[in-house]
Amino acid sequence: LRCASVAVGSSVVPLGSAIVASCTIRPEFCHGLEQGKVWITWMLDNEPMAGSQHQGPWGTEVSNLTLAQFNRTQAKLWCLVEWNGAKQRVGMAEIRAGYPPAKPFNLSCVLNLSNYGLTCQWEQGADSLLPTNVTLQSHPSHCRRSRAPAVRGCTPQGGRSLCTVPRRLLQLYRHMEIWVSATNALGTAESERLRIDPMDVAKLDPPALQSIQSIPFQNDCVTLAWEVARSTAHMELECELRYRMPEDPAWAVVTGIIGQAGTTQRCGFLSGTWYHFQMRCRRSSARGYWSEWSPGRNYTTREKAPTGKLDAWWSTHLARAGGQLEVQLRWKALRRRDANGHVLGYCVTLSPRRKGRDPLTVCNTTHTQCNFSAPAGTRRVYLSAYNAAGESAATEVVLLERKGQPLAGLWAVSGGDRSLWVHWETPPAPPAAYILEWQRVSSEPDRCSTCWQMERDGAVRTALIRDGIEPFQRYNISVYPLYKNAVGVPVHTTAYSKQKAPSDAPKLHLKSISKSNAELCWDPVPVEMQNGFITGYTIFWANSTAEVASAAVNPTLSSFVIRDLKPSTLYKVHIMASTAAGSTNSTSLTLVTTVLDDTEIQFLFLTLGLIFVLLILLLICFQKNTHVKQQFWPSVPDPANSSLGKWVPAELQQEPLPVPGVREPGLATISTVTVLERVAGKQSSPWGKEPVPETTVPVVPQPYVRQEGPGT
């Protein structure tokens, strides 16, 4: 153990600083090194380091090592000697590096009245990379300048930045100084000192709402009663009340409620409306923390008859049978502040309600639209709403004719994924109001009864529409100016709140094809699948050698002719439909061009027809022209028509020939053959004019007889 010793300037250094170390070898305590030369080397962890070696006092060997910059947070520095041909580790020093502790900040404390423990929390700052001790310290503020030692409050556990000072270390209703101290091997840092009375940072228990009641004959006012928590019964408190309707994200807050327990009144509530109430308190000195909000309590105020005017819109036409006026009346539901409770229904009459006389009711419904018939010439109807407390004053609806001036211009832009901004140019005569109407464009129209709104300010030129607006759907928008004595002719536009690539592309069909051209056609993409305005089509075609070409097509067209194709070649064709937000490709269509064009095929058939006709004409000419016929087909005499064929010798004229029986059909049997021999002399030739030599001695025919048996 005494063979070697390693010494360093400091075992903990700032990160990046220099390190100086030395290793001293005492050979007399190193077995096997007493007589030999000692060679000392260094290693930082597993990395060799070069030092300088010299002989020290009393026969020792010393090696010094200097590291100009130590950039490791922790490392082991080894001293080694050559021992039996191998390097042996004989000494070691462990070195750590880091930074001084960072100054803690954002110190805050809360006193818990259940156990009167003071819980403080803070932010530690940057990591020092070294073991650091953190403590929360405190002492009475009047001892700040004395030499009294600080009281150690608490030490955080598990590396957390909070801890709780117990009640026995606190002085309530007196000011104390509290701070956080962080210490490591390189120094100490302290937070800013917090000077507080622990009771000033007490967090009280919440109060409890006992009851809520309406004030008689004041439907918009309520009385609330509450009690404070038992732990705060001895304190002077300041409280706050908050309330809201369920659909309202913001709270209405009532401040400045003073007292231990009691009641308070609040007015301005809507009639027949559900509210949610909560309360909280703190010390009246306006110091410390608010308690948590109390458990909520719900209350519905009393109803009263609806108030306000209904926005109505209509369309009319005369029925063919009976001459009745058919009216479609639509209106907007009353706003909550005008409904004064739950609206039970709406009533439409042909005359205003007067005392002692009930008008003719044409519609009584819970919906916001009604279709009814009225006598021809009806120009006014009356619309009212009612709830359990009564009926509203009637709104007069004048059925004006649609013959006024239209708007000078209209357009719409997106106002978000589910809204549209509609802009227009006012007509020369200023309207009193405007009606905006919109419908989703669909293959199956579905009329939306709520997709309209009224703008009562005739000076406005823009409006935001939200009801029923969905992204990627097209909407037809119409705006009607309302004049004093007429309704203006509507102006229309279309718009999308948001666009994307089409859900599908058109399907291509081959209309006609030739050796160099192909005519294609397609059906438009259904409007529900367009997802935006179609800005154009692009047609792509490629042959088997991967030669690709394309052409842009106007979105209003539904056919296209591809030209300059190669004859007898296979092509694959597809179409791409595009919107402002993207494109979608269709499936491929395979086609093969022909060898010949239609005109070439017609010319070929015409040529063949002409040749055939010429051949027929030539045959007819040959038949009619004897000279030509004799040249090609000379006349050959028919032996059957010669004189020899008709000449019969005299001997045969008197010999009867056997005739087969009529009842015995069959071939005639020749029983006698007479052979004639030419005799001397000349006779006239039946084929010509040359004389035939005459004979003086006739030749007697020699009979040849053949017996024919049965069946021969």
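The values are calculated or read from the model by the stated rules, or taken from the named source; none is laboratory data. Computed from a predicted model, the values in this text were never measured in an experiment. Cβ placement follows ideal geometry from the backbone for every residue including glycine, while neighbour counts extend to all protein chains displayed. Just the protein is used for accessible areas: all its heavy atoms, side chains included, with ligands, DNA and RNA removed. Shrake-Rupley method; radii C 1.70, N 1.55, O 1.52, S 1.80 Å.
The stretch 485-607 gives an Rg/Rh value of 1.18, both radii derived from C-alpha positions and Rh following Kirkwood. The Cα-based radius of gyration and maximum Cα-Cα distance (Dmax) for the stretch 4-98 are 13.5, 43 Å. A simple count of charges around Ala75, restricted to other residues whose Cβ falls under 15 Å of its Cβ and scoring Lys, Arg +1 and Asp, Glu -1, yields +1. If the chain linking Thr263 and Ala388 were pulled fully straight, counting 0.36 nm for each residue of separation and taking away their Cα-Cα distance, it would gain 42.0 nm. Here the contact order of the stretch 312-396, divided by its residue count and restricted to Cα pairs under 8 Å and six or more residues apart, works out to 31 percent.
Given R₀ = 56 Å, what would the calculated FRET efficiency be for Glu470 paired with Leu570, taking r from the Cβ atoms and rounding to 0.05? Could the numbers behind the result be given before it?
Working: r = 44 Å, r/R0 = 0.78.
Once rounded, the FRET efficiency stands at 0.80.
Taking all pairs of different Cα atoms in the stretch 312-396, averaging 1/r and flipping that mean, what Kirkwood radius in angstroms comes out? Show your work: numbers first, answer last.
On the way: mean 1/r = 0.0732 Å⁻¹.
Its Kirkwood hydrodynamic radius stands at 13.7 Å.
Pairs exceeding a 26 Å alpha-carbon distance, out of Lys309/Lys484; Lys498/Lys572; Lys309/Lys355; Lys309/Lys498: Lys498/Lys572; Lys309/Lys498. Residue ranges 498-506, 57-65 sort as 498-506, 57-65 when ordered by packing (mean number of other C-beta atoms within 10 Å per residue, highest first). Shown for the stretch 105-201: the carbon plus sulfur share of the solvent-accessible area, taken with all protein chains present and a 1.4 angstrom probe, equals 47%.
May I ask you to compute the full-extension gain from Trp411 to Thr223, defined as 0.36 nm times their residue separation minus their alpha-carbon distance, rounded to one decimal in nm? Numbers along the way, then the final one.
Numbers: separation 188, 0.36 × 188 = 67.68 nm, distance 5.21 nm.
Result: 62.5 nm gained on full extension.
Charges at C-beta only: +1 for Lys and Arg, -1 for Asp and Glu. How large is the resulting dipole of the stretch 312-396 about its Cα centre, in Debye rounded to 20? Could you put the intermediate results ahead of the total?
On the way: 12 positive and 5 negative charges, 41 e Å.
My answer is approximately 200 debye.
Distance from the C-alpha centroid of the stretch 3-58 to that of the stretch 275-301: 72 Å, rounded to the whole angstrom.
Pair-distance distribution P(r) for the stretch 217-304, from all Cα-Cα distances in 5 Å bins starting at 0: 3, 12, 25, 23, 16, 11, 7, 2, 0 percent.
Which value, in debye to the nearest 20, describes the size of the charge dipole of the stretch 4-98 about its Cα centre when Lys and Arg Cβ atoms bear +1, Asp and Glu Cβ atoms bear -1, and nothing else is charged? For this selection, approximately 180 debye. Model label sites at Arg456 and Val8, defined 7 Å from Cα along the beta-carbon direction, differ in position by 8.3 nm.
Measuring between their Cα centroids, the stretch 506-523 and the stretch 147-215 lie 84 Å from each other. Rolling a 1.4 Å probe across the protein heavy atoms gives the stretch 4-98 an accessible surface of 55 Å² per residue. For the stretch 312-396, the carbon plus sulfur part of the accessible surface works out to 47%, probe radius 1.4 Å.
With a 1.4 Å probe and all protein chains left in place, how much of the accessible area of the stretch 404-512 comes from carbon and sulfur atoms, in whole percent?
On the way: 2610 of 5410 Å².
That share works out to 48 percent.
Average accessible surface for the stretch 105-201: 56 Å² per residue, computed with a 1.4 Å probe over protein heavy atoms with every protein chain in place.
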